[in-house]
Amino acid sequence: MKNIMVLGSTGSIGKQTLDIVRKNEDMRVVSLAVGKNIDLLQKQIEEFEPEVVCVYSEDEAMELKRRLKSNRTKVMTGMNGLIACATVESGDILVAAVVGMIGVRPVIEAIKENKDIAFANKETLVTAGHIIMPLVQKHGVHFLPVDSEHAAIFQCLNGERHEDIGKIILTASGGPFRGKKRQDLEHVTLQDALRHPNWSMGKKITIDSATMINKGLEVIEARWLFDVDYDSIEVVIQPQSIIHSMVEFRDGAVMAQLGTPDMHLPIQYALCYPERRERFGEPLDFSTISSIQFEQPDLETFRGLALAYEAGRTGGSMPTVLNAANEMAVDLFLREKIAYLQIADIIEEMMNQHKVIKNPALHEILAVEDEVRKQIKARYDK
């Protein structure tokens, strides 16, 4: 029996993780954590009977406790609750799918408790990769990427030697605005930006895909996950989302992982690694594929990607600024307080005024994030 802990169980990745648990009789859920969606969480508790759950919002946690009265599941709240859900003694693997910087500390604590990690929280590696990866090595845990792109690269590298890597090639769909120029995007609406052509994701990640900041964050992740420098990471547009990413080796050979745009595949691969189980969903039908396109990303229109490369190469605390500014700007856009093009403008503004801390400790990372959030809130959230 594999005991699974899920941070972010009511989000897109979390719900698809539970789909996989339902399909596999040798999997059991021992903890669940959410932000505040207690209606869905209550249903999940009734179905999976976890040992402990966390509702980050204290008010919602109290309401859930009232509803559950006789249930044996322990209800916790806040950061202590998240850490408890990530370090359950009986837990084997943590699905880290919570959105945002709140995922950093629970992942660190889970690694220290020798839990394997199925990793879908970009912010953790983007801001604290220099802390996380040495811990992974020290404790000898599996750190398995769930993002389709990094899962693809991980699979392409199985059995290969690190020194033979020539280039990591991250593919991107291009999002809903592929082919557009900056002037075309001046009057983009929230509804326009949320219409992703291929993937069904949460709102925040969907906006990140539209700006291509999502791909920039993945570049920084890839640097840490696969121990390569930024000059060895390339982004290409692959509009059909059939090729999920590729690796070019020093002899010129290129290996690619292909599949339908369905997150169940990389989640199940991470949960069952190194075993492969029966597919979840429809197979890729090559008889219906007439062509596979490739394009170069437009770094002037999609400035978020260029800013991510800049932040990654600068290093230190700069990726934290990038990430925090993006989180705040996307939230403002989702609440229709700023225009779409202002997302990249705000990120660049915050990066330009930041004084870099070269090798930040966790408390410094969190302090930088807090300061960026305060500055943006004071200027734009009125």
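The values are calculated or read from the model by the stated rules, or taken from the named source; none is laboratory data. Keep in mind that this is a model prediction, so the values were computed, not measured. No Cβ is skipped: glycine too gets one built from the backbone with ideal geometry, and neighbour counts run over all protein chains shown. Please note that ligands, DNA and RNA were not included when accessible areas were found on the heavy atoms of the full protein model with its side chains. Shrake-Rupley method; radii C 1.70, N 1.55, O 1.52, S 1.80 Å.
With the condition kept exactly as written, say whether any residue in the stretch 95-102 is small (Gly, Ala, Ser), modelled with pLDDT of 95 or more and touching a Pro at 6+ places or on another chain (Cβ under 6 Å).
Scanning the stretch 95-102, I find no residue that is small (Gly, Ala, Ser), modelled with pLDDT of 95 or more and touching a Pro at 6+ places or on another chain (Cβ under 6 Å), so the answer is no.
What is the residue count in the stretch 315-359 for residues that are under 18 Å from Lys122 (Cα atoms) and either among the charged types (D, E, K, R) or open to solvent by 40 Å² or more (accessible area, probe 1.4 Å) (or both)?
Total satisfying the criteria: 2.
For the structure I just gave you, tell me whether Thr206 is out of contact with any helix residue (DSSP H, G or I) (no Cβ under 6 Å at 6 or more places or on another chain), among the β-branched types (Val, Ile, Thr), open to solvent by less than 20 Å² (accessible area, probe 1.4 Å) and closer than 16 Å to Glu123 by Cα. Full working, then the answer.
Numbers: out of contact with any helix residue (DSSP H, G or I) (no Cβ under 6 Å at 6 or more places or on another chain): yes; among the β-branched types (Val, Ile, Thr): yes; open to solvent by less than 20 Å² (accessible area, probe 1.4 Å): yes; closer than 16 Å to Glu123 by Cα: yes.
In short, yes.
Could you please find all residues in the stretch 116-174 being in contact (Cβ under 8 Å) with a residue 60 or more places away in the chain and among the hydroxyl-bearing types (Ser, Thr, Tyr)?
Thr127, Ser148, Thr171, Ser173, listed by residue number.
Return only the number of the condition from (1) open to solvent by 70 Å² or more (accessible area, probe 1.4 Å); (2) out of contact with any strand residue (DSSP E or B) (no Cβ under 7 Å at 6 or more places or on another chain) that Phe294 does not satisfy.
Phe294 satisfies every listed condition except (2).
I'm trying to understand the selection: among the residues of the stretch 286-297, which are in a loop (DSSP other than H, G, I, E, B) and of a type in the set (S, T, N, Q)?
Ser290, Ser291, Gln293, Gln296
Could you grab the pairs with beta carbons closer than 9 Å, sequence gap of 6+ or different chains, first residue in the stretch 21-46 and of a type in the set (A, V, I, L, M), second one assigned to a strand (DSSP E or B) and open to solvent by 90 Å² or more (accessible area, probe 1.4 Å)?
As it stands, the answer is Val21/Arg28, since those pairs meet every condition given.
So if I check each of Gly11, Gly81, which one is surrounded by 22 or more Cβ atoms within 10 Å (Cβ to Cβ) and closer than 20 Å to Leu265 by Cα?
Working: Gly81 fails: closer than 20 Å to Leu265 by Cα.
None of the others qualify; the one that does is Gly11.
It is to be established whether one or more residues within the stretch 324-333 are touching a helix residue (DSSP H, G or I) at 6+ places or on another chain (Cβ under 9 Å), among the aromatic types (Phe, Trp, Tyr) and not in a helix (DSSP H, G or I). Lay out the reasoning, then the answer.
Residues of the stretch 324-333 touching a helix residue (DSSP H, G or I) at 6+ places or on another chain (Cβ under 9 Å): 324-333.
The next check asks that each one be among the aromatic types (Phe, Trp, Tyr); those that pass are 333.
Now drop any that are not not in a helix (DSSP H, G or I), which leaves none.
No, the stretch 324-333 contains no residue that is touching a helix residue (DSSP H, G or I) at 6+ places or on another chain (Cβ under 9 Å), among the aromatic types (Phe, Trp, Tyr) and not in a helix (DSSP H, G or I).
Table: residues versus (1) open to solvent by 50 Å² or more (accessible area, probe 1.4 Å); (2) closer than 18 Å to Ile213 by Cβ; (3) touching a His at 6+ places or on another chain (Cβ under 7 Å); (4) not hydrophobic (A, V, I, L, M, F, W, C).
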| residue | (1), (2), (3), (4) |
| --- | --- |
| Cys156 | no, no, no, no |
| Glu160 | yes, no, no, yes |
| Ile168 | no, no, no, no |
| Gly175 | no, yes, yes, yes |
| Arg178 | yes, yes, no, yes |
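Being open to solvent by less than 20 Å² (accessible area, probe 1.4 Å), free of Cβ contacts under 8 Å to residues at least 60 places away in the same chain and among the polar types (S, T, N, Q), is that true of even one residue in the stretch 230-248?
No, that holds for no residue.
Quick check on the stretch 20-40. Is at least one of its residues at negative phi, touching a Cys at 6+ places or on another chain (Cβ under 9 Å) and among the hydroxyl-bearing types (Ser, Thr, Tyr)?
Yes, because at least one residue in the stretch 20-40 is at negative phi, touching a Cys at 6+ places or on another chain (Cβ under 9 Å) and among the hydroxyl-bearing types (Ser, Thr, Tyr).
Residue by residue through the stretch 285-329, note down the ones that are at pLDDT 95 or above and among the β-branched types (Val, Ile, Thr).
The answer is Thr314, Thr320, Val321.
If we keep just the residues of the stretch 349-378 that are part of a helix (DSSP H, G or I) and polar (S, T, N, Q), which is farthest from Arg105 (Cα to Cα)?
Only one residue fits best here, namely Asn352.
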